[in-house]
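One structure is given below, encoded as structure tokens.
Just so you know, all these numbers are worked out from the coordinates, no wet-lab data involved. Given the structure is predicted, the values throughout are model-derived calculations rather than measurements. Please note: Cβ atoms are built from the backbone with ideal geometry, for glycine as well, and neighbour counts cover all protein chains shown.
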Amino acid sequence: MKNIKFMYSKITLLSGLLLVVMMSCERDISVQTEFAHLSKTGDIFTDSPIDLGSNFYFPYTGSKPSAWSVDENEGYESAASMRIDVPNNNDPEGTYAGAILRVDGPGRDLTEFDALTFWAKATQGVVIGEIGFGQDFGLNKYEVSETDVSLSTDWQKYIIPIPDPSKLFDERGMFWYSAGTQNTGGNAYAFWIDELKFEKLGTIGQPRPAIVNGEDLVQDAFIGLSLQLKGLTQTFNLGSGLNKTVNAAPSYFDFSSSDPSLVFIDQFGVITANNGSAVITATLGAVETEGSLTINTVGGFNLAPIPTRDPSNVISIFSDSYTNVPVDFFNGYWEPYQTTLSSDFVVDGNNMIHYTDFNFVGNQFANPTVDATEYSNVHVNIYLPEEPSNLDFLITVRDFGADQVDGGGDDSFKQLFFDGDDFEPGVWSTLEFSIASMQTRNNIGLIIYENINGSSLTELYVDNIYFYKGN
Amino acid sequence: MDKTNKYKLRIHTLLLKSFLFISILTIASCDTDKTQTVATFTNLVMADEFDVEGAPNSEIWNYDIGTGPGLDGWGNNELQYYTDRPENVTVQNGMLVISALEENHNGSSYTSAKLITKGKFSQSFGRFEARIKVPGGSGLWPAFWLLGENVDVDGWPQCGEIDIMEYRKQEPTKVSGSIHGPGYSGESTPQGQVSKSYDLGNDRYDAGFHVFGIEWGYQYINYYVDDVLYNQITPSDIAVTPADAVYTLNDRVDAVEATDDIPAVEAVEPTDVTGDWVFNKPFFIIINLAVGGNFPGNPDNGEAFPQNMLVDYVRVYKQ
């Protein structure tokens, strides 16, 4: 051991090359040339926010704006960390915690990193809905998220790999999170995040990108239909030997269609079915994705009847014919009983709500609620591709009362039952009914659609949901 | 001892890095000395640079074929059937390519290759190194190792085994270097082989080529990866497990009574080599890519195949 000689020829050579480059750089650079000097800082929050500027925290609508703070008494091997207090689900200031951290100023050059990393713990074992980066409240072009992030009560390190670092040459969206109380029975908890930074780990490898969650899916589509390619993920093997899958925005991928004149896909993953059949595939960073989507066009889609009522007589929730009020969601996905999934689409510029695996689903518009005192009728167009013989369909219109939140003891509602006589398979039905019998209807916030009595209805399209006055 | 060594080595590295950088900037010269950094044996006695396309050089390499003499996946429940077909082993673009395929072949679900120099090249002591890129898939077991030339006479583990590099996906930043011998074979619990892994820290082995080597002399084996010497194994590291294990060589002589034609032969008990350092004798080289088995586990469902192990060169030096 003692006589071992150490020489570092590689290092020497590298240094030699550096020198050559430096010498050749002595030539004059054209005065017109200007280089962008974006910050290559990876740190986001160590013991305090790092180079984020003054105005960097933007909470989501409906979340509790004060959820985020700097805790001077907790930290991972330090005295400070980010603390996020997830509120009770009946907190009037917001029913969950969620926000983006965006650089206040020019973006950063993150191309030399391979992951967002942080240490985190919570007041109790809990699964956080989503954590990621790349949301800037602009195009969110390079958004990445990890869903169902499991936190324990002790500090652990988390790694969210960058699907393709070369894309992040000018990024402002440093971090985002969305955390509710689905796992805690609606009860509040807190979690801490520290040492939040982009890092070059070097130990991330084996990229395995996927579209359609790696499946080879065949889907029928109406002529003119536009739909978003889904199931876009990137999977890496981490230094731990474990695989990590993240959701990756379409802009990380290069999409292609086997015949773009028949089925076209744009850079944002929006597919337009024109005619015939074609296969959508993709690459990410020159790696072919697993999964594909074969689109078979199956003729034209019958659009719902175009509404003719005067806009001044209408409060619209969902229609391309009117200006719609703000809607919280068209499918809140109420666990654990709801099975309904959304597969919304656009045909020739006309947006369509499409529910699959339907049992019940709600449209919520509580921010703000709708004052329908003067608009005491409801209009909905519904299209059932197939109609079961024992169909019983229930629509509930719910007023949230003075507190303007779901529940709280001051809600009222109106329920309308429909059966097979009200529908015809393959044809748009127009359902219109009065809610004048509701005592209060100045804080309406929710419309619920339900398949009752267990008919085999699984799929429906919905369009032109609105309140109206007069005839 | 190991930890101390490694720590010192890193300190040296840092000091040298900064020293070299400064000297380059000031004197602007370029040191092109390519001397291997951690090994001192420089007398090249055998090398395969894999420069000739096609089948590997038959003057150096033999093959193990099949699923092992016990038909049990070479004693490790490995899943592959080894062949010497070009689909499984070939030289391309200056590289030996060992390809693990997923296919039904003679009752196995995978095929791959195992190259050995047995009967063609063996040596006592020296520096054995290879530049290898390991495949990154699950359930794979690429290895570069040596086996005692007397394996067919005395069996394993009496012959001794020197593992220069073993890798599995569960630990993508680590390789391990080990010895197995009589009484410290690794078959028992606690496992008795002498082993240590080397962690790249900020890189993973499936991302590029690395030099894996030993420098092996009388009563010692030094292990290195690239320019880092990470372990030395000597007889003092051996502990027999279980303590009552007994391993002997196959050199028993039975007594023969004298007759008119032949003189008497005295009985000789077989040589007990339990716990002995069995590495002061010739060993041959093995390079293989196993699929499945006790060390890496089986491949994940849907794992991509083929998976390729690339070897840029194999070189053997004497002191």
Confirm whether residue B:213 is more than 12 Å from every other protein chain (Cβ to nearest Cβ) and in a strand (DSSP E or B). yes
How about the range B:212-246: which of its residues are on the phi < 0 side of the Ramachandran plot and among the charged types (D, E, K, R)? B:215, B:227, B:237, B:244
Within the range B:100-118, restricting attention to residues that are touching a strand residue (DSSP E or B) at 6+ places or on another chain (Cβ under 7 Å) and farther than 23 Å from residue B:147 by Cβ, which residue is surrounded by the most Cβ atoms within 10 Å (Cβ to Cβ)? B:101
Restricting to the range B:67-123, count the residues that are touching a Lys or Arg at 6+ places or on another chain (Cβ under 6 Å) and farther than 12 Å from residue B:291 by Cβ. 0
Scope the range B:246-280; condition assigned to a loop (DSSP other than H, G, I, E, B) and touching a Phe, Trp or Tyr at 6+ places or on another chain (Cβ under 9 Å); matching residues: B:273, B:274, B:275, B:276, B:279, B:280
Could you say whether any residue in the range B:194-201 is farther than 30 Å from residue B:158 by Cβ, part of a strand (DSSP E or B) and more than 10 Å from chain A (Cβ to nearest Cβ)? no
